[in-house]
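The values are calculated or read from the model by the stated rules, or taken from the named source; none is laboratory data. Values in this document were obtained by computation on a predicted structure and should not be read as measured data. Quick reminder, even Gly has a Cβ in these numbers, built from the backbone with ideal geometry, and neighbours come from all protein chains shown. Just so you know, the surface numbers come from the protein's heavy atoms only, side chains and all, with ligands and any DNA or RNA stripped out. Shrake-Rupley method; radii C 1.70, N 1.55, O 1.52, S 1.80 Å.
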Amino acid sequence: MNPAEPLGAVAGPLGALEERVATPDESGLPGAVFTIGYGTNGFADHALDDAVLVLDRLGYRALALTLGHPHLDPFSSDADRVAARLRRRLDDLGWRVVVETGARYALDPFRKHRPNLLDEDASLREVFLRRAVDLAAVLDAECVSLWSGALPDEVSPEHGGDRLRERLDGLVAHAAASRVDLALEPEPGMLVETVADALRLRRDLGDPPALGLTVDLGHCVVVEPDGVVGALRAAGPLLRNVQVDDMLPGAHEHLELGRGVLDLAAALRTLDELDYDGIAAIELPRHAHDAPAVAARCMTALHDAWEAR
């Protein structure tokens, strides 16, 4: 870390945690071409520097950066400067980064994830996503991950689909001009809920090269008819981003690895078979209270599953 340009308060040694964790090999999962990362929404009680310090010590080599409180407000006057400083820090570490846009109350303190791209007035969401693209360019991020949003009660699926196609079309054009990839994430309970939904929407938009897919492994347990293997294979070469968490059938709740029914070994084996070379980042936004220990256990679970694949 360059002490002249800190991102926040610098943590001390990891102490007892460090003694319990066997740091993985520098290459991450041996033989894997994808990179293991961790989502900053799982470190909401840490300053950004401190989160990076902990994750680096545990063997993670990528960051899934959620825009918004507390780490990087895209609307702050110094957002671009903070992003550039973070990029230099990641360069020092040899890390990769993706930008995530799923902060719960980033745009409305009373309504989670609103407005979304399906609302009558989606202008604030559109501005937010364009800022995400702009910051991704500063960060040299590998993609900006986004979702459709849930359908408002008064809007039909057909009308919602029209709104989504129109708004995504403009955003894809902005991303392409900025040389930034977008990755549409199917999400339980949203208009685009499955990989098949995302692929259909992409075809409707003319299969733009700048639009790929994010697949959350836990979501596959909840909504994908062919499970995690089928969903990853369907995404195939369009896969730009992977989120890693566990879930139980019928419950959209991000669980620590091993606490649900996800076949993690099969998922990692499929990523390997697909030669996926992007980032696979742990996504546990409700686990910040115990983030260092959770991150350590997740890394162990990933190594065990990789060996068992």
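The selection criterion, being touching an Asp or Glu at 6+ places or on another chain (Cβ under 8 Å), free of Cβ contacts under 8 Å to residues at least 60 places away in the same chain and open to solvent by 10 Å² or more (accessible area, probe 1.4 Å), does not hold for VAL215. Selection of the stretch 164-187 for residues being in a loop (DSSP other than H, G, I, E, B) and open to solvent by 20 Å² or more (accessible area, probe 1.4 Å) yields SER178, ARG179, ASP181, GLU187. For the stretch 209-224, residues that are in a helix (DSSP H, G or I) and over 16 Å from the mean Cα position of the chain (by Cα) total 3.
To keep it simple, each residue is scored yes or no on (1) buried (at least 17 other Cβ atoms within 10 Å of the Cβ); (2) assigned to a helix (DSSP H, G or I); (3) at positive phi; (4) touching an Asp or Glu at 6+ places or on another chain (Cβ under 6 Å).
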{"residue": "PRO109", "(1), (2), (3), (4)": "no, no, no, no"}
{"residue": "LYS112", "(1), (2), (3), (4)": "no, no, no, no"}
{"residue": "ARG130", "(1), (2), (3), (4)": "yes, yes, no, no"}
{"residue": "ASP162", "(1), (2), (3), (4)": "no, yes, no, no"}
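Of all residues in the stretch 132-145 being open to solvent by less than 10 Å² (accessible area, probe 1.4 Å) and touching a residue at least 60 places away in the same chain (Cβ under 8 Å), which is farthest from ARG88 (Cα to Cα)? Here the residue is SER145. With respect to being modelled with pLDDT under 95, closer than 16 Å to PRO186 by Cα and surrounded by fewer than 23 Cβ atoms within 10 Å (Cβ to Cβ), ALA234 falls outside the description.
Among the residues here, ALA137 qualifies as under 20 Å from HIS174 (Cβ atoms) and either part of a helix (DSSP H, G or I) or not polar (S, T, N, Q) (or both).
Counting the residues of the stretch 271-281 that are under 18 Å from GLY212 (Cα atoms) and assigned to a helix (DSSP H, G or I) gives 1.
State the number of residues belonging to the stretch 34-84 that are within 24 Å of LEU129 (Cα to Cα), aromatic (Phe, Trp, Tyr) and not in a strand (DSSP E or B). Counting residues in the stretch 34-84 that are within 24 Å of LEU129 (Cα to Cα), aromatic (Phe, Trp, Tyr) and not in a strand (DSSP E or B) gives 2. Being open to solvent by 30 Å² or more (accessible area, probe 1.4 Å), at pLDDT 95 or above and not aromatic (Phe, Trp, Tyr) is a description that applies to ASP226. Within the stretch 85-107, the residues that satisfy the criterion of being at negative phi and assigned to a loop (DSSP other than H, G, I, E, B) are TRP95, THR101, GLY102, ALA103, ARG104, TYR105, ALA106, LEU107. Of everything in the stretch 58-99 that is among the hydroxyl-bearing types (Ser, Thr, Tyr) and surrounded by fewer than 19 Cβ atoms within 10 Å (Cβ to Cβ), the residue that is farthest from VAL242 (Cα to Cα) is SER77. Taking the listed residues GLY250, GLY206, GLY236, GLY227, the one that is farther than 21 Å from THR101 by Cβ, free of Cβ contacts under 8 Å to residues at least 40 places away in the same chain and within 18 Å of the chain's Cα centre (by Cα) is GLY236, with no other qualifying.
If you check ASP181, ASP169, ASP162 for being of a type outside the set (A, V, I, L, M) and in contact with a strand residue (DSSP E or B) (Cβ under 7 Å, 6 or more places away or on another chain), only one passes: ASP181. Residues in the stretch 253-274 that are open to solvent by less than 40 Å² (accessible area, probe 1.4 Å) and either without any contact (Cβ under 8 Å) to a residue 60 or more places away in the chain or more than 17 Å from the chain's Cα centre (by Cα) (or both): 11 in all.
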